[in-house]
Amino acid sequence: MILFLVSFLAGALTIVSPCILPVVPFVFSRAGQPLLRGILPMLFGMVASFAGVATLSAVGGGWAVEANGAGRAAAIALMAVFGWTLLSPRAAAALSRPLVAVGNRLSGRAGVAGSFLLGVATGLLWTPCAGPILGLVLTGAALHGASLQTTLLLVAYAAGAATSLTFALLAGGRLLAAMKRSLGVGERLRQGLGIAVLAGVGVIALGLDTGLLARLSYAGTSGVEQSLIDRFAPAVPSATAATSGAPETSGTGLVLADARRVYRSSLPVEGVLPSLDGATDWLNSKPLTTEELRGKVVLIDFWTYSCINCIRTLPYLRAWAEKYRDQGLVVVGVHAPEFAFEKRIGNVQKALRDFAITYPVAIDNDFRIWRAFGNSYWPAFYIADATGRIRHHQFGEGGYEQTERVIQDLLAEAAGRRDEDGRLVSPAGQGAQAPADLDDIRSGETYVGYRQAANFASPERDGIDHPQDYTVGALRLNRWGLSGNWTVGAEQARLNRAGGAIVYRFRARDLHLILGPAQDGKPVRFQVTIDGMAPGPDHGTDTDAEGYGTVSETRLYQLVRQAGAVRERTFELRFLDPGVDAYAFTFG
C-alpha cells in the first residue's frame, strides 16, 4: 500500500517538472470547462491511456513497441488538428469534414466524449520524467514480469499527475475567465492556446520531450522522489544480495537499488529482432527463439568460417561473450556459407573447435535467417536490446570500440543503471585472427573460380569445367595465374596432376588462400616461395620457414606473414601432390 502512495505522490510532483511542459497546452485548453463534463473526463482519459501504454512497454514485446509508436503518431496528428482548429476556425473549416468534426468535438462542443478523447491523446503523448519511482515500476516489471500490480502502480503514478493538473486547471480557469471579462480577449486567448498546442506537438514530434526536457526534469524531481523511496520503502539487503551482487528488492519484488538512476539508452530503434527459426541446425546450444532471448541483450554475428574478415572478429566476439555473459549478453553466431564446402556440418564443427567458439551458432544453410534480417555482408553484427529491438549494426570488421560501447549501453539500460567501469576488452588475436595491417594492403580478395574471378593473367582461356594446361609469365601487381594442368570450375580450380602451381603478384603483410584436399580426402603437400626463395621469417602459420605445408582440410590457410617492411612480392604455391582445390585469396 505504501508503494502505491509513493507512486501517487511522485506523479503529483510532475507538475513542477519540465518534462510535462509539452502536454500542458493540451490540458489547459480545457480550462474554463465544467469540472464534470470537461476537465475530469479529459484527465481520466489521460490516466487510462498512459497506464495502458506504459503497461505495454513493461510487457516489452516487439508488437507492443509498434503499437505504442502507431498510437503516438496518431495522437500527434490528432493534436495537430486540434491546435489548428483553436488557432484558426476559418482555416479549419477548409479541412475535410471528418477532421473538422473531430476538431469541433475536441474543442469542447461535444462535452464528455470529446474531453475523454482529448485525454486519451494526451496520455499517448505524455512522456513522464524518468525519475526513480517510474524507473522502479518499469525496471521491476522488466525483471519480474508485468502484472496487475504493475498497471495499478502506473495508474497511481498517472493519477497523482492528474490530481495536481486538476488543481492547476481550476486555478487557471478562473484566471482565464477574469482575463476574458476584463480585457475582452477571448478569441486571442483561444488563438494563443492554439499556438501553444501546435508548439507542444512540434516539441513531441521532434523528440525534445524525451531528450533535453527529460534531462532537465531529472535534476528537478528525482531527489524528492528518491527521498520518498528512502522514507517509506527502504530496501532491506539480504544475505544473498550482499554476496551475489544482485539488486536489492522490496517486499513486492520490485527493484529498489536500481531506482536511484534509471538509465535509458539514446540509441535509435532500427527494427525488431527477426525470428531465428530458419536455422537448419544449432551447435553449442539447443535451438533458440526470440522469445527465449527476451530480457537479454543479443549480438547476432553473420559469419562463415573461411572468411578472413570474419575470422579476425572472433577474438572480440569470444571476449565479449565471456566478459558480459553474466550481465545478460548472449552472442549468437549465424553461419551462412559462401562456398559449398561450408555447408557441411562437420566442417563447421571442426572450425568451432579450432577457433574455440563456445557460444551458440545457428547453421543458416538455406539463408532464411540471412533474408529475415535483410543482410548482405560477412561479417555483420546486429545488436538487440532486452525488449527485442535492434539498436545497432556493424557491417564488416572493425568498429570494435563502438560495438562494445553499445553492448555496455544496452546492458545498462536492461539493468536500469549505468556501470561506471567502462573498460573495454583488448584481445590479442594470433595467426589469421590477428588484426590486418590496413596501412600496407594494396591487394584485395581474389576468387579463383570463374564465377567471380578477376585479374587472371594466364593466356589460356578455354579450360572452363574441363582439364587444361596453363602457363604463367611475368605478372604486374595484383595479377595472378595458374601453371600445370587444372580444371577451373565456378567456385574453385582443381589441380589434376602433381607439380602445378598458383602465382600471385601482391602487396600486403599477410597472404591467405582457401584450399581443400582431394575428393578422397587425401592430404596434399605444397611448398611456398616468395620472389623465388623460401619464405624464412616471412612464412605464415600454415607453413614452415622452408615454405612447406600440407592441405589436410578445407579452410583458409595463412601462407605468408611478412616480418619486415611490407613491399611488392611475387608469391608462388607449388603442389607436390594432385587433387587440391583452390578457392580464393585474401590479404591482411
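The values are calculated or read from the model by the stated rules, or taken from the named source; none is laboratory data. Predicted, not measured: the structure shown is a model, and the values here were computed from it. Methodologically, a virtual Cβ is constructed for each residue, glycine included, from the backbone with ideal geometry; neighbour enumeration extends over all protein chains shown. These area figures cover heavy atoms from the full protein model, side chains too; ligands, DNA and RNA do not enter into them. Shrake-Rupley method; radii C 1.70, N 1.55, O 1.52, S 1.80 Å.
At a glance:
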{"read-out": "Close pairs from segment 423-437: first modelled with pLDDT of 90 or more, partner in a loop (DSSP other than H, G, I, E, B) and open to solvent by less than 40 Å² (accessible area, probe 1.4 Å), Cβ under 7 Å, at least 6 apart", "value": "PRO435/GLY429; ALA436/GLY588; ASP437/VAL566; ASP437/GLY588"}
{"read-out": "Residues located in segment 454-481, provided they are of a type in the set (A, V, I, L, M, F, W, C) and under 18 Å from SER443 (Cα atoms)", "value": "ALA454, PHE456, ALA457, ALA474, LEU475, LEU477, TRP480"}
{"read-out": "Count - residues of segment 383-411 that are over 21 Å from ILE308 (Cβ atoms) and open to solvent by less than 30 Å² (accessible area, probe 1.4 Å)", "value": "15"}
{"read-out": "Condition met for THR529 (touching a Ser or Thr at 6+ places or on another chain (Cβ under 7 Å) and polar (S, T, N, Q))", "value": "no"}
{"read-out": "Residue within segment 464-484 that is among the β-branched types (Val, Ile, Thr) and part of a loop (DSSP other than H, G, I, E, B) present", "value": "yes"}
{"read-out": "Qualifying residue in segment 568-588 (condition: without any contact (Cβ under 8 Å) to a residue 60 or more places away in the chain and open to solvent by 40 Å² or more (accessible area, probe 1.4 Å))", "value": "no"}
{"read-out": "Counted residues, segment 361-372 - those being hydrophobic (A, V, I, L, M, F, W, C) and either buried (at least 20 other Cβ atoms within 10 Å of the Cβ) or closer than 15 Å to TYR316 by Cα (or both)", "value": "4"}
{"read-out": "Answer residue from segment 507-528, given it is within 38 Å of the chain's Cα centre (by Cα) and of a type in the set (A, V, I, L, M, F, W, C) and is farthest from ASN347 (Cα to Cα) among those", "value": "ALA508"}
{"read-out": "Options THR290, THR358; residue that is hydroxyl-bearing (Ser, Thr, Tyr), at pLDDT 95 or above and surrounded by fewer than 21 Cβ atoms within 10 Å (Cβ to Cβ)", "value": "THR358"}
{"read-out": "Filtered residues of segment 474-488 (kept if open to solvent by 10 Å² or more (accessible area, probe 1.4 Å) and touching a residue at least 12 places away in the same chain (Cβ under 8 Å))", "value": "LEU475, ARG476, LEU477, ASN478, ARG479, SER483, GLY484, ASN485, THR487, VAL488"}
{"read-out": "Residue that is buried (at least 17 other Cβ atoms within 10 Å of the Cβ), at pLDDT 90 or above and within 35 Å of the chain's Cα centre (by Cα), where the choices are ALA457, ALA414", "value": "ALA414"}
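The rows are residues; the columns are (1) in contact (Cβ under 8 Å) with a residue 12 or more places away in the chain; (2) over 20 Å from PHE341 (Cβ atoms); (3) surrounded by fewer than 18 Cβ atoms within 10 Å (Cβ to Cβ); (4) among the small types (Gly, Ala, Ser).
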{"site": "ILE514", "(1), (2), (3), (4)": "yes, no, no, no"}
{"site": "GLN519", "(1), (2), (3), (4)": "yes, no, yes, no"}
{"site": "PRO537", "(1), (2), (3), (4)": "yes, yes, yes, no"}
{"site": "GLN562", "(1), (2), (3), (4)": "yes, yes, no, no"}
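Residues are listed down the side, and each one gets a yes or a no for (1) of a type in the set (Gly, Ala, Ser); (2) over 30 Å from GLY398 (Cβ atoms):
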residue	(1), (2)
SER443	yes, no
ILE464	no, yes
ASN485	no, yes
ALA490	yes, yes
